[in-house]
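Heads up: the structure comes next, in structure tokens.
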Amino acid sequence: MPRPPKATLTIQALLALFSSSPVTTKGFTIKNFACSLSVILTIGLPTYALAGEAPLSPVASVASVDLSRYIGKWYEIGSFPMFFQRNCVGDTTAQYALEPDSRVSVVNRCRTDSSTQEATGHATVVEGSANAKLKVSFFWPFKADYWVIGLDPDYRWAVVGNPNRKYLWVLSRTPQLAKPLLDAALASASAQGFDLSQLRYTPQSPTSAP
């Protein structure tokens, strides 16, 4: 059996370093930075099947993504719980836009108990991926994998994950997703070995629509 990765101690040390005195900037804190950093480091760790189970096949992205159709506003229908989203209670959205330098701007927002939280970053397309794989950065120089692993032909929903199945987002162009469309989105994730028992659905209020 492979030895456990040694990155765990590094993550714990970084969390301890940044967790004592939070500094808030536009609803984002240094604690959020530590958590995001830990996520970026953690997602690189390998995923193993349980003893007696067949090894999981590698995660695959969709064949291609038309960025001109993909940009715009997406509503989070559900996601795996992430520490840096711990204060979000609903109305979570992601806004993407193409920039002159070919990068994609990213603005994530959500409603908290007291106000709203926002995080901004940039994504770059992985060469040779036909726009289906990106690297997203909220804190230079750290980047995280953003793979579109499921996509409706009409771009009504998208499923985003990473190669090690550490996180998952189900996105929709509308605050609610009809059951047949949701079932199709979930099936695309389940077919690639994502554990949907971890999925938590995101409340979206009607007023969150444009």
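The values are calculated or read from the model by the stated rules, or taken from the named source; none is laboratory data. Keep in mind it's a predicted model, so treat the numbers as computed, not measured. FYI the Cβ positions are ideal-geometry reconstructions off the backbone, even for glycines, and counts take in every protein chain you see.
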Taking into account only those residues within region 134-161 that are crowded, with 21+ Cβ neighbours inside 10 Å and not hydrophobic (A, V, I, L, M, F, W, C), which is farthest from the chain's Cα centre (by Cα)?
-> Gly150
Evaluate the following for Ser172: is it under 17 Å from Ala94 (Cβ atoms) and hydroxyl-bearing (Ser, Thr, Tyr)?
-> yes
State all residues of region 134-143 that are of a type in the set (A, V, I, L, M, F, W, C), more than 30 Å from Ala178 (Cα to Cα) and either assigned to a strand (DSSP E or B) or not assigned by TED's automatic domain parsing to the domain that holds Ala185 (or both); if no residue qualifies, say none.
-> Phe138, Phe139, Phe142
Note on region 112-129: residues surrounded by 14 or more Cβ atoms within 10 Å (Cβ to Cβ) and assigned to a loop (DSSP other than H, G, I, E, B) are Thr112, Val126, Ser129
Members of region 155-210 that are among the β-branched types (Val, Ile, Thr), touching a Ser or Thr at 6+ places or on another chain (Cβ under 8 Å) and part of a loop (DSSP other than H, G, I, E, B) | Thr202
Can you spot a residue in region 118-130 that is touching a residue at least 12 places away in the same chain (Cβ under 8 Å), of a type in the set (D, E, K, R) and over 21 Å from Val65 (Cβ atoms)?
-> yes
Region 135-160 residues that are of a type in the set (Ser, Thr, Tyr), paired with ones that are surrounded by 15 or more Cβ atoms within 10 Å (Cβ to Cβ) and assigned to a loop (DSSP other than H, G, I, E, B) (beta carbon under 8 Å, 6 or more apart) | Tyr146/Asn162; Tyr155/Arg173
Test each condition in (1) farther than 15 Å from Lys73 by Cα; (2) modelled with pLDDT under 95 for Ala209 and report the one that comes out false.
-> (1)
